[in-house]
Amino acid sequence: MTRRQTTISAILSATFVLLTFAFFNFLYPYHIHYQEQLQFFRFSTDYFLESVVVPGGLGDWISGFLVQFFYYAPLGALILSILLGLIQFLTWKNMVKGSYAASYPLSFLPAAAMFLFFGGEENLITAAVALVASLAAALCLIKIRKDRLGDIITVALIPVLYVMFGGISFITPVIVGINSAARRKGIKGNIIFAGAALMMAAVTVIIARLCAPYPLDRLILGVHYHRFSYVIPLFAWISAILVPIAVLAAGVIRKDKAFALTLATVIIPAACLIPSSIDLDKEELFGYDFMTRMGQWNKILYAADRNKPESPIAVECINLALAKTGHLASDMFAFYQNGTSGLLPKYVRDHFTPGPTGTVYYNLGMINTAQTFFFEAQEGIPDFQKSARFSQALAKTNLLNGNHAVARKYVNALKQTVFYRKWAEQTERLLDNPALIAAVPEYAHMLSVRIRSRDFLFSQDEMDSMLGLLYLDNTTNTIAMNYLLAWCLLRKDLQRFMECHQLLQIGDDARHYQEAAILYWSLNHDSPEGMPGFISRQVESRFTKFISDFRSGKNEEIMQKEYGDTYWFYYCYRSNTIIEENDENNNSHSS
Amino acid sequence: MRTIIHIALSILLVSSCYRFDPTEAHYTDGPIWPDYMDVTIPVNIAPLNFCYTAADGPVPETTFSHGDMSVTIKGREVVWKAKEWKKLLEAAKGSDIIVKSSVLQDSWTMHVSEDEIDYGITYRLIAPGYEVFSKIGIYERKLSDYDERTLLENTQFNSCINCHTPHKGDPDKYSFHIRGRHGGTLINLDGELGVYNTRTPETIGSCGYTHWHPSGDYIAYSSNIVRQGFHVRPDKLIEVFDLDSDCQTYDIRNNTLISAESIKKKDVWETYPAFSADGRTMYFCAATPRTIATEFEQIRYNLCSVDFDPATGTIGSKVDTVVFAEGMGKSATFPRPSYDGRFLVYNIADYGNFPLYHKEADLWILDLETGESRPMSKANSDGTESHHSWSSNSRWMMFSSRRDDGLYSRPYFTHIDENGQESKAFMLPQKHPLHYYSYQNRSHNVPEFVTGPVDMDGISAEKLVTSKEKIQFGFRMSD
């Protein structure tokens, strides 16, 4: 390449890395956090050995090492962009010597496919690590000048690379073979090499099948390239397969003038596929989960104000943020509400939804229920990894439950991490001297609001009773009280709401409580005489206007504009099917 | 570049060297852990390595002596050389090894029993959780050394594996269940592994708790509709209970489940069936059904029995109450008769049928000759004791105990002499016990003795489990 071409190529590569960094850091940061919370990388012998005994285990261990830095999104974005940059750079380096500058854009093909792969939240970067390692190995091998020696080493390395990095490493002999074929005279040597490599790969897989407890398809397609064992990590394999294709194509392209054309062959398909590979709805959801995990309540409310999310998990996080900031009773209907599933959703058997729900129960003071949800979230991780996030949460719940030996087990493991070590060491000091636990404000609060004297079995059907008992056990637990009343309101059970309101002698006459009370009154009485005294004149006059507008048949859109922040709008316009569905789900769960 | 390589190598080295750290766990207030003081051990057990719990002070010297033989080990962690250990145990067979420590005032003993223990044990390793399962496997562990072998892991088919139950420790004859997507029961009959659908239109569900008939021709199974409930109080977590349960026996030769009115009553929950040593009695636990939400603390099981005729597979109609636990305000579960027919060990808890989550659950022993029953005080602890199994010579009992941290079950062993007297229990030995048990984040669940290496071909098992074709159990009522 000329100097100008080299400069253009370098600019292209740098732009690619910068763009990918910008994408992950600014558009996709919560996907990065999502990856981090579903693994538990530890600096320990046991973890290392546990990881590397699986085919592709070293790649997985390296991936785990890198993903621990995803605790901070910019670091994660940097790592992902460097990995993609390396894939591109190594692909170019593996292209047949003497390739023209026009081939350079082709070296972006595998990296572009891997970028699309990173768009899926369940895709694991182990595949990218494996590809980088395989490309690096190929680059070293094609530098061996003696063909026969190179062939022997390449074939001998097939099982080694496979054990370290899994199925993707099979592209190494393919790249080496293409390079050898380009410089070798005669076909015989190529056939022998191809035959030997194929045989070695087959033997490697057969031996792996006999030794490792994994099904054959996973042993070939990668044990840890995707979180779900039954999903083929398609774009990772497309990325890997595109390497030899790019190398072959580079050997064909001879004209420098084709630069723009080859660049277009990369950019156009990648640009077309990006929308289908990224999921910004999930990004929003992961964002609410992350902010809830970190206790960023105001940030949640700010985001909710902007985006008005409707998914139950997001609404659940918003409601918790409202409760934590003391605004649930006055502002919850200013946000979209989807019944009780947006307040305390039923348990879903997956590795994501129990996380935020567990956090809600934790903040309510239902420590055992929170522990159940956190534990199930961790155990539900499809590739059988553990989670530093949930282990930390479990250490807390066990500490609060007085199960200090169990808490110490989690703490010991967390001490072997980079980002949770400090917290683990602080917690260890509490375990060494339990009298200090009550001196930590968070734990002191949790110990005061949790149920101590009563016992019953958790039942989603009797949520109102449980929340009531929780509040009665400690009347400073205002979150429990607000959740209880919110539960009644979301179920449109005004009778129960009024009973609870009176029974608990709530002095807090927040706006939504006034709205519910006046609505209840109007449904059961003909005149405003004797209406509860805590209903303000302002609420009364707004209700009168609402009724008048409602009776005049104003359409829903106008009503939402004027009364969308009131309980009345929820009561009259949010479909009852939401509530019925919630009930059905709750019943089927408990049966 | 050199710096990067240096950092990478350092990380690898740091993460791959074992270092003993006495602060890893705080399991006990005692001076050593595991507590191997004054225990009775079999002559063929792996070295009982242990560590001192004090992290500072002078480095201890521990001297083990018997007659003129003496071995001294220096260090906070006492790690034996296998040959020396074996030699000492052989010499001390039938008598005591005296243990003296340079840092402890009192010496202690380890009595070496003449009764050998079986070849090994099998157990399931599972995170002690709730409904969702992560990595689960069945493993075999030799008792004369520390070798652990994987028999089957759910990484092969992503389902739950449970209740690996051999016939009197026979490694070639066992049954275990797969739950979930690939549900079924695998039964190995002398090397022939088959997968069965145990659910029939006449039974309330798939087969559950398992016990083999001494002849190997029948397997007693329960069928349970199991649910979990979650407590809200700090000291209790889970309640596992049945909404319904029945017992039956599987006639292997005729591929038929046999039930009877006596063990399938509508107004009684019957579970945990087990055959007597002579095969002519079937023990089981029975309780009066109650409303779970409000009366779960009143659900109490009694230990009952019915006659069984192995020649015809006939189940008796008269139910006898063997232990009236309800009368003590307790619940009796998990009966396991010894293979010599002398004793029966069972669990006692305050209520319910799942002692694993009951801190108060203890082992009790019933003398089948005198009918006397008593708690096994020397083997029990303040923590949960459950899931017990007899060795093939009926002189050793293994059980799982949560005494160490309250959550993770670990195998413990106790010697039971000809009078039914148990010894102080000792923990399954490990090469580095403190490190192993501190970082083992799965429970040793349902441990069972085996008399030799288990015949298990993982690939064949995987193919059977994932195949859609399962052999259907037949069903008939007893004559």
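The values are calculated or read from the model by the stated rules, or taken from the named source; none is laboratory data. Since the structure is predicted, the reported quantities are computational estimates derived from the model, not experimental observations. Positions of Cβ are generated from backbone atoms using ideal geometry, with glycine treated the same way; all protein chains shown enter the neighbour counts. When the accessible area is computed, the model is the full protein with side chains, heavy atoms only, and any ligands, DNA or RNA have been set aside. Shrake-Rupley method; radii C 1.70, N 1.55, O 1.52, S 1.80 Å.
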Looking at this structure, is A:Y288 in the same structural domain as A:A182 (by TED's automatic domain parsing) and either open to solvent by less than 70 Å² (accessible area, probe 1.4 Å) or within 30 Å of A:S180 (Cβ to Cβ) (or both)? no
Unique match (being more than 14 Å from chain A (Cβ to nearest Cβ) and open to solvent by 30 Å² or more (accessible area, probe 1.4 Å)) among B:T291, B:T314: B:T314
Which of the residues spanning the stretch A:449-487 are more than 11 Å from chain B (Cβ to nearest Cβ) and among the hydrophobic types (A, V, I, L, M, F, W, C)? A:V449, A:M463, A:L467, A:L472, A:I479, A:A480, A:M481, A:L484, A:L485, A:A486, A:W487
Looking only at the stretch B:114-159, how many residues end up being within 14 Å of chain A (Cβ to nearest Cβ), under 18 Å from the mean Cα position of the chain (by Cα) and not in a strand (DSSP E or B)? 4
Could you count how many residues in the stretch A:38-56 are closer than 24 Å to A:F170 by Cα and facing chain B (nearest Cβ under 7 Å)? 1
Looking at A:I192, A:I144, can you tell me which residue is among the hydrophobic types (A, V, I, L, M, F, W, C) and not in a helix (DSSP H, G or I)? A:I144
Considering only the stretch A:127-143, I want to know if a residue exists there that is without any contact (Cβ under 8 Å) to a residue 12 or more places away in the chain and either open to solvent by 10 Å² or more (accessible area, probe 1.4 Å) or over 18 Å from A:L221 (Cα atoms) (or both). yes
What residue, among those in the stretch B:227-272 that are of a type in the set (K, R) and within 20 Å of B:D350 (Cβ to Cβ), is most open to solvent (accessible area, probe 1.4 Å)? B:R227
Inside the stretch A:35-74, can you point out the residues that are assigned to a loop (DSSP other than H, G, I, E, B) and among the aliphatic types (A, V, I, L, M)? A:L38, A:V53, A:V54
Single residue of the stretch A:510-526 satisfying the filter (open to solvent by 50 Å² or more (accessible area, probe 1.4 Å) and in a loop (DSSP other than H, G, I, E, B)) that is farthest from A:R491 (Cα to Cα): A:D526
Which of the following residues is closer than 22 Å to B:G120 by Cα and in the same structural domain as B:T288 (by TED's automatic domain parsing): B:R342, B:R402? B:R402
Restricting attention to the stretch A:382-391, does a residue exist that is within 20 Å of A:M446 (Cβ to Cβ), in contact with a helix residue (DSSP H, G or I) (Cβ under 8 Å, 6 or more places away or on another chain), modelled with pLDDT of 95 or more and not hydrophobic (A, V, I, L, M, F, W, C)? yes
Those residues of the stretch A:192-228 which are in contact with a strand residue (DSSP E or B) (Cβ under 7 Å, 6 or more places away or on another chain) and touching a residue at least 12 places away in the same chain (Cβ under 8 Å) amount to A:H226
Out of B:V240, B:V232, I need the residue that is farther than 23 Å from B:S478 by Cα, of a type in the set (A, V, I, L, M, F, W, C) and without any contact (Cβ under 8 Å) to a residue 24 or more places away in the chain. Which one? B:V232
Over the stretch A:195-220, the set of residues in contact with a helix residue (DSSP H, G or I) (Cβ under 6 Å, 6 or more places away or on another chain) and open to solvent by 50 Å² or more (accessible area, probe 1.4 Å) is A:M200, A:L216, A:I220
Within the stretch B:403-432, can you find the residues that are within 14 Å of chain A (Cβ to nearest Cβ) and at negative phi? B:R403, B:D404, B:D405, B:L407, B:Y408, B:S409, B:R410, B:Q430, B:K431, B:H432
Go through (1) modelled with pLDDT under 95; (2) part of a helix (DSSP H, G or I); (3) surrounded by fewer than 20 Cβ atoms within 10 Å (Cβ to Cβ); (4) not hydrophobic (A, V, I, L, M, F, W, C) one by one and return the number of the condition A:N298 breaks. (1)
What do you reckon, is A:L106 aliphatic (A, V, I, L, M), in contact with a Leu (Cβ under 9 Å, 6 or more places away or on another chain) and surrounded by fewer than 24 Cβ atoms within 10 Å (Cβ to Cβ)? no
Selection status of A:T340, away from chain B (no Cβ under 14 Å), touching a residue at least 60 places away in the same chain (Cβ under 8 Å) and assigned to a helix (DSSP H, G or I): yes
Among the residues of the stretch B:24-59, which ones are at pLDDT below 65 and open to solvent by less than 80 Å² (accessible area, probe 1.4 Å)? B:E24, B:A25
Residue tally, condition aliphatic (A, V, I, L, M) and under 28 Å from the mean Cα position of the chain (by Cα), over the stretch A:440-461: 1
Test A:L322 against the stated conditions and say whether it is over 30 Å from A:Q88 (Cβ atoms), outside the structural domain of A:T20 (by TED's automatic domain parsing), free of Cβ contacts under 8 Å to residues at least 60 places away in the same chain and not charged (D, E, K, R). yes
Could you tell me which of the residues A:S169, A:S180 is under 30 Å from B:Q156 (Cβ atoms) and part of a helix (DSSP H, G or I)? A:S169
Return the total of residues in the stretch A:408-448 being surrounded by 15 or more Cβ atoms within 10 Å (Cβ to Cβ), within 13 Å of chain B (Cβ to nearest Cβ) and not in a helix (DSSP H, G or I). 3
For the stretch B:294-311, how many residues are open to solvent by 20 Å² or more (accessible area, probe 1.4 Å) and among the polar types (S, T, N, Q)? 2
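Here's the yes/no breakdown for (1) under 32 Å from the mean Cα position of the chain (by Cα); (2) closer than 15 Å to B:S101 by Cβ:
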| residue | (1), (2) |
| --- | --- |
| B:L48 | yes, yes |
| B:Y52 | yes, yes |
| B:D56 | no, no |
| B:P60 | no, yes |
| B:F64 | yes, yes |
| B:T72 | no, yes |
| B:G75 | no, yes |
| B:A82 | yes, no |
| B:K86 | yes, no |
How many residues, within the stretch B:53-74, are touching a residue at least 40 places away in the same chain (Cβ under 8 Å) and not in a strand (DSSP E or B)? 4
Condition first: within 14 Å of another protein chain (Cβ to nearest Cβ) and touching a helix residue (DSSP H, G or I) at 6+ places or on another chain (Cβ under 8 Å). Can you find one or more residues in the stretch B:82-103 that meet it? no
Are any residues in the stretch A:551-571 open to solvent by 70 Å² or more (accessible area, probe 1.4 Å) and within 19 Å of A:G339 (Cβ to Cβ), and if so, which ones? A:E556, A:Q560
